[in-house]
Amino acid sequence: MKDCLKERIFSPEFTETLNEDYRFLHAHAETGFELYETIGYVRKRLEEIGLSPKACGKCGLVVTLGEHAGGERSGTIPEGMKERGAFLVRADMDALPIAEESGLSYAAKNGNMHACGHDAHTAILLGVASVLKQYEKQLRFPVKLMFQPAEELLAGAKDMLEAGVLSEPEVEKALMLHVMCAVPVETGTLVVSNAGVSAPAADFYTIEIKGKGCHASMPHLGKDPLTTAAHLLVALEEIKAREIEIGKRAVLTIGALEGANAANVIPDKILLKGSLRAFEEETRELMKKRLQEIAEGMGEIYHTPTSVEFTSGAPTLKNDEKLVALCYEALKGAQPVLRAQDFPAGNSGGSEDFAYVSQAVPSVMLALAAGDSREGYEHPLHHPRMKLDLRALPYGVAGICRIIASEIIPLYEPRT
């Protein structure tokens, strides 16, 4: 299988199929768990490849290849060892509620946008499915492909785990890939995370401030929730500035203010929505506690009852030391690859709900350079004018397949 990867994956026909999948998914961007066209397309493509995807959770899909690979080795297991479990690869499928301004001929026109590159992740995993199906009889252990919704809500991975994605067959190790752009790295380069935490824990929250609406000319007759919101925005900045020691990495952001719609009206209610992120659980819990205390206290000061709801979140993403080393060795010399410590653009503070998988089984996160800033790809992820360099797609497929096909990953492990 390894010897055929380059010839197959980088062929014009295979590359064009990847591009077609990407363009369709990009043009039909959907958010959260409401991925109706996306799921229909992915299911259809998997069935065309010759696979039988199964529903998992609210709207996830899972497909397993080489499910009987272990059984075919029956009777050859060394004493004291056991066969390997399944190797899982995850792709997220959801977009963001961002109006696209990329100017692409296949830009989404429904008010959503694949500004985080999940369309690329899905297209790449469809490519992986196609390659593995062709070489399924050569697989040395089962491979499970996880097509996940609602990553941007930090809710989809947890939903699929609760639905049993890590069982039948039991998953032993897992991998995810995320594209990146507007970085000074050659397109197609894979970056293998360092061992340990590579993405912080995160929590989304909504702060509700209840006021008393009135005419703007008579503010003394009401209770202005905007005044509370303004003071709260400033006060929350002090958590990071004054309550967390200098060496702790954390960030707290208010990203949305809803409820104020007229210049001459004091509204009844205001909603503030944001997120907080931390690389240590102790820091995360401190920030959540102080956020709630400060919000409620500010509400009391201005006579506007205030409450905090934590709507979703994810733990830290942990990279397994042995799996990190195995992935780097499998890729080294076969295609462009960097270790995270050699990546010139530094670390990202973005969170990732694949973290739930990484807390359950040994896992690794890969990044794929898909937009060299030196070649004009200047807009980063989550920007309405972000574009990806589609030349990266086959490198993503090849990297994942090379790791799966690598002789470095042993057939057996010690029986415990």
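The values are calculated or read from the model by the stated rules, or taken from the named source; none is laboratory data. In this text the structure is predicted, and so the values were computed from the model without any measurement. Every residue, glycine among them, receives a Cβ derived from its backbone with ideal geometry; neighbour counts consider all protein chains shown. These accessible areas exclude ligands, DNA and RNA; they are computed on the full protein's heavy atoms, side chains included. Shrake-Rupley method; radii C 1.70, N 1.55, O 1.52, S 1.80 Å.
Mind computing the radius of gyration and Dmax over the alpha-carbon atoms of region 113-202? Å is fine for both.
15.1, 42
For the peptides 236-244, 309-317, what is the packing order when you average, over each peptide's residues, the other Cβ atoms within 10 Å and list the highest mean first? Can you show the working numbers first?
Details: 236-244: 14.6, 309-317: 19.0.
The densest-packed peptide leads the list: 309-317, 236-244.
Of Pro225, Phe87, Gln292, which is farthest on the positive side of the dipole of the chain, counting Cα position, with +1 on Lys and Arg Cβ, -1 on Asp and Glu Cβ, and the Cα centre as origin?
Checking the options against the dipole of the chain, the answer is Phe87.
Please report the spacing between the Cα centers of region 98-128 and region 158-204 in Å, no decimals.
Cα centres, region 98-128 to region 158-204: 19 Å.
Taking θ = phi - 60°, what integer Hz values does the Karplus form 6.51 cos²θ - 1.76 cosθ + 1.60 yield along region 361-367, in sequence order, with x for Gly and Pro?
My calculation for region 361-367 gives 9, x, 9, 8, 10, 10, 10 Hz in order.
Output the peptides 292-302, 116-126, 361-371, 214-224 sorted from most to least packed, where packing is the average of other Cβ atoms within 10 Å over each peptide's residues. Show your work: numbers first, answer last.
Working: 292-302: 16.8, 116-126: 26.6, 361-371: 24.5, 214-224: 13.4.
Ranked by mean Cβ neighbours within 10 Å, highest first: 116-126, 361-371, 292-302, 214-224.
Find the centroid of the Cα atoms in region 211-237 and in region 333-380, then give the distance between the two in whole Å.
Computed from Cα coordinates, the inter-centre distance equals 42 Å.
Under a Cβ-only charge scheme (Lys and Arg +1, Asp and Glu -1), can you give me the dipole magnitude of the chain about the Cα centre, in debye to the nearest 20?
Details: 44 positive and 58 negative charges, 63 e Å.
The calculated dipole for the chain is roughly 300 debye.
Listed here are the pairs Lys58/Lys269; Lys173/Lys248; Lys54/Lys144; which of them are more than 23 Å apart at the Cα? Provide the component values of the computation, followed by the final result.
Details: Lys58/Lys269 32 Å; Lys173/Lys248 30 Å; Lys54/Lys144 11 Å.
Long pairs (Cα-Cα over 23 Å): Lys58/Lys269; Lys173/Lys248.
I need the Kirkwood Rh of the chain: take the reciprocal of the average 1/r across all distinct C-alpha pairs and report it in angstrom. Each step should come with its number before you reach the end.
Values: mean 1/r = 0.0436 Å⁻¹.
It works out to 22.9 Å.
Once the mean 1/r over all distinct Cα pairs of region 63-214 is inverted, what Kirkwood radius in angstroms do you read off? The partial results should precede the final answer.
Working: mean 1/r = 0.0533 Å⁻¹.
Averaging 1/r across every pair of different Cα atoms and inverting gives 18.8 Å.
Specify whether the C-alpha gyration tensor of region 257-327 places it in the rounded, prolate or oblate class, a ≥ b ≥ c being the square roots of the eigenvalues: rounded for a/c under 1.5, otherwise prolate if a/b is larger than b/c and oblate if not. Mind dumping the intermediate values first?
On the way: a/c = 5.33, a/b = 2.38, b/c = 2.24.
Taking the square roots of the gyration eigenvalues as a ≥ b ≥ c, region 257-327 is prolate.
When DSSP assigns beta bridges and you keep just the ones with both residues in the chain, what percent turn out antiparallel, to the nearest 5? Before the final figure, lay out the partial values.
On the way: 47 of 70 bridges.
The antiparallel proportion sits near 65 percent.
If you count only protein heavy atoms with a 1.4 Å probe, what accessible area per residue comes out for region 250-381, rounded to a whole Å²? Don't jump to the answer; show the numbers that get you there.
Numbers: 6410 Å² over 132 residues.
In whole numbers, region 250-381 has 49 Å² accessible per residue.
State the percentage of accessible surface on region 127-285 attributable to carbon and sulfur atoms; use a 1.4 Å probe and exclude ligands, DNA and RNA.
Values: 3580 of 6960 Å².
Carbon and sulfur atoms account for 51 percent of the accessible area of region 127-285.
Got a sec? Charge dipole of region 303-398, +1 on Cβ for Lys and Arg, -1 for Asp and Glu; which of Val337, Asn319, His382 is way out at the positive end?
Of the candidates, Val337 comes out farthest on the positive side.
For the chain, with a Gaussian network of springs between Cα atoms less than 10 Å apart, report the residue from Glu37, Glu352, Glu245 with the top mean-square fluctuation.
Glu245
Bin width 5 Å, origin at 0, all Cα-Cα pairs of region 171-271: what percent of pairs per bin?
Spelled out per bin, shortest first, that is 2, 9, 14, 13, 11, 10, 11, 9, 8, 6, 4, 3, 1.
If packing is taken as the average number of other Cβ atoms within 10 Å across a peptide's residues, how do 281-289, 23-31, 252-260 rank, most packed first? Numbers along the way, then the final one.
On the way: 281-289: 16.2, 23-31: 21.6, 252-260: 14.3.
Listed from highest to lowest mean packing, they are 23-31, 281-289, 252-260.
Among Leu125, Leu161, Gly259, whose Cα sits farthest toward the positive end of the charge dipole of the chain (+1 at Cβ of Lys/Arg, -1 at Cβ of Asp/Glu, about the Cα centre)?
The listed residue farthest towards the positive side: Leu125.
Would you work out if region 255-388 is rounded, prolate or oblate? Take a ≥ b ≥ c from the square roots of the eigenvalues of the alpha-carbon gyration tensor; rounded if a/c is under 1.5, else prolate when a/b is larger than b/c, oblate otherwise.
Numbers: a/c = 3.70, a/b = 1.79, b/c = 2.06.
Because a/c hits 1.5 or more and a/b fails to exceed b/c, region 255-388 counts as oblate.
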